[in-house]
Amino acid sequence: MKVAVLGAGAIGAYVGAALHRAGADVHLIARGPHLAAMRRNGVQVLSPRGDFTAHAHATDNPQEIGPVDYVFLGLKANSYAACGPLIEPLLNDTTAVIAAQNGIPWWYFHQHGGPHDGHRIDSVDPDGAVSAVLAPERAIGCVVYAATELEGPGVVRHLEGTRFSIGEPDRSTSKRCQAFSEAMKAGGLKCPVEPDLRNDIWLKLLGNISFNPISALARATMRQMCHHGGTRQVIETMMQETLAVAEALGCDIGISIERRLAGAERVGDHRTSTLQDLEAGKPLELDVLLAAVVELADITRTDVPTLRTVHAISDLLAHRTAA
């Protein structure tokens with residue numbers, strides 16, 4: 001199995017290292033000091049499950065790699081439309097793209113069935129720019145439950161979780177999903193093939209859609225948001241509205257809001273990825289988390305006043321950050 005990891009940051013390098021340990025032919029695509037360190041010392045994984053080092057091929061030039069069986073996409077979703085020159089050399093007729101993104105993916109309604117089948121979500125695929133680069137038929141969905149961070153160039157700190165749920169947009173159990181799942185398991189990760197990954201997408205989004213923008217607006221950690229009465233109420237309301245949109249689209253998340261909040265509270269003083277991006281001056285990945293759900297509320301005629309308000313304020317923040 002030949003795998004390219006496009007965007008070999010904290011999550012991508014962690015997955016690439018695990019697949020390399022399992023015997024896959026892995027190629028990591030990165031840049032800057034992180035790339036130099038991986039070339040020199042390999043990917044060093046520090047984990048409570050045991051440290052290890054993987055000496056996979058690392059490059060900033062996909063032309064060196066050529067076509068692969070799988071592209072594991074570790075880029076932020078707001079970079080997808082511009083990744084054409086990087087991903088095109090990696091593709092053949094059967095290459096699958098495994099997009100490890102938060103929020104609503106560009107392929108969401110591809111082979112969805114029902115009244116919205118084939119609908120393009122403008123917030124995540126404006127004018128079809130993402131679909132033009134990443135054909136939906138290549139997509140294997142991926143919901144990441146692992147937490148990692150780059151402790152330094154070439155050094156990945158694995159904090160918790162090893163689950164990477166995957167699934168086909170058409171809900172089939174395909175050979176390509178099964179093969180990738182087995183390789184991930186051989187590398188020490190959990191990789192269930194879900195019969196309908198959209199339920200997992202909404203389950204994770206329930207937290208991301210609320211905690212991520214609020215954390216950026218309030219500059220607050222998970223614990224601080226949960227312990228502040230007013231903020232906790234806003235987050236509960238955002239979750240209720242998100243559940244209503246998911247249910248209007250036929251998804252069953254299967255978890256109570258109180259249980260989701262309790263899980264977030266246990267995380268403690270963790271800064272969300274959106275807050276980390278804000279502090280680092282990076283673009284905020286809010287379109288797939290919040291704008292997309294507001295758009296889905298429009299097409300399902302679901303009332304989401306709190307989501308709309310938080311979206312309006314956080315969208316201004318995102319535009320000011322990008323300016």
Inset, instruction - Would you please name the residue that is farthest from the chain's Cα centre (by Cα), looking only at residues in segment 190-222 that are among the charged types (D, E, K, R) and over 13 Å from ARG260 (Cα atoms)? - result: ARG219
Inset, instruction - Evaluate the following for THR274: is it open to solvent by less than 30 Å² (accessible area, probe 1.4 Å), at pLDDT 90 or above, part of a helix (DSSP H, G or I) and among the hydroxyl-bearing types (Ser, Thr, Tyr)? - result: yes
Inset, instruction - Could you list, in sequence order, all residues of segment 237-256 that are part of a helix (DSSP H, G or I) and in contact with a Ser or Thr (Cβ under 8 Å, 6 or more places away or on another chain)? - result: THR237, MET238, MET239, GLU241, THR242, ALA244, VAL245, ALA248
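Within segment 296-310, track down each residue that is assigned to a helix (DSSP H, G or I) and either open to solvent by 80 Å² or more (accessible area, probe 1.4 Å) or of a type in the set (Val, Ile, Thr) (or both). Reasoning before the result, please.
Start the filter on segment 296-310 by keeping residues that are assigned to a helix (DSSP H, G or I), which leaves 296-300, 305-310.
Once the filter is applied, which keeps residues that are assigned to a helix (DSSP H, G or I) and either open to solvent by 80 Å² or more (accessible area, probe 1.4 Å) or of a type in the set (Val, Ile, Thr) (or both), segment 296-310 yields ASP298, ILE299, THR300, THR306, ARG308, THR309, VAL310.
Yes/no per residue for (1) under 19 Å from PRO48 (Cα atoms); (2) outside any loop (DSSP other than H, G, I, E, B):
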position	(1), (2)
SER172	no, no
CYS177	no, yes
LYS185	yes, yes
LEU206	no, yes
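For residues in segment 123-143 being assigned to a helix (DSSP H, G or I) and aliphatic (A, V, I, L, M), which is surrounded by the most Cβ atoms within 10 Å (Cβ to Cβ)?
For segment 123-143, the residue satisfying everything is VAL130.
Can you tell me which residues in segment 278-287 are closer than 20 Å to VAL143 by Cβ and in a helix (DSSP H, G or I)?
From segment 278-287, those closer than 20 Å to VAL143 by Cβ are 285-287; that's our starting set.
Passing the criteria: only ASP287.
Can you go through ARG157, ARG171 and tell me which one is open to solvent by 40 Å² or more (accessible area, probe 1.4 Å), touching an Asp or Glu at 6+ places or on another chain (Cβ under 7 Å) and farther than 19 Å from GLY12 by Cα? It would help to see each step written out before you state the result.
On the way: ARG157 fails: farther than 19 Å from GLY12 by Cα.
None of the others qualify; the one that does is ARG171.
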Legend entry - The one condition in (1) of a type in the set (Ser, Thr, Tyr); (2) surrounded by fewer than 21 Cβ atoms within 10 Å (Cβ to Cβ); (3) more than 28 Å from ALA96 (Cα to Cα) that SER215 fails to fulfil: (2)
Legend entry - Of all residues making up segment 246-262, the number that are within 20 Å of the chain's Cα centre (by Cα) and either open to solvent by less than 20 Å² (accessible area, probe 1.4 Å) or hydroxyl-bearing (Ser, Thr, Tyr) (or both): 2
Inset, instruction - At least 2 residues that are in contact with a helix residue (DSSP H, G or I) (Cβ under 7 Å, 6 or more places away or on another chain) and without any contact (Cβ under 8 Å) to a residue 40 or more places away in the chain in each: list the strands (runs of 3 or more DSSP E) lying fully within segment 18-79 that qualify. - result: 25-29, 52-54
Legend entry - Single condition GLU182 does not satisfy, out of (1) closer than 25 Å to ALA10 by Cβ; (2) touching a residue at least 12 places away in the same chain (Cβ under 8 Å): (2)
Inset, instruction - Would you please name the residue that is farthest from GLN276 (Cα to Cα), looking only at residues in segment 217-233 that are touching an Asp or Glu at 6+ places or on another chain (Cβ under 8 Å) and assigned to a helix (DSSP H, G or I)? - result: HIS227
Legend entry - The lone exception for ILE313 - which of (1) in a helix (DSSP H, G or I); (2) open to solvent by 70 Å² or more (accessible area, probe 1.4 Å); (3) without any contact (Cβ under 8 Å) to a residue 60 or more places away in the chain it fails: (3)
Inset, instruction - Taking only segment 187-204 into account, find how many residues are under 30 Å from GLY50 (Cα atoms) and either out of contact with any strand residue (DSSP E or B) (no Cβ under 8 Å at 6 or more places or on another chain) or of a type in the set (A, V, I, L, M) (or both). - result: 7
Legend entry - Selected residue (criterion: farthest from the chain's Cα centre (by Cα)) from residues of segment 276-304 that are among the charged types (D, E, K, R) and on the phi < 0 side of the Ramachandran plot: ASP303
Inset, instruction - Kindly indicate the residue of segment 187-200 that is assigned to a helix (DSSP H, G or I) and open to solvent by 10 Å² or more (accessible area, probe 1.4 Å) and also nearest to THR162 (Cα to Cα) among those meeting that condition. - result: ASP200
Legend entry - Any chance ALA147 is open to solvent by 20 Å² or more (accessible area, probe 1.4 Å) and modelled with pLDDT under 95: yes
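The values are calculated or read from the model by the stated rules, or taken from the named source; none is laboratory data. Since we're looking at a predicted model, the values are computed, not measured. As a convention, Cβ positions derive from the backbone with ideal geometry for all residues, glycine included, and neighbour counts pool all protein chains shown. Accessible surface is based on the protein model in full, side chains and every heavy atom, while ligands, DNA and RNA are left aside. Shrake-Rupley method; radii C 1.70, N 1.55, O 1.52, S 1.80 Å.
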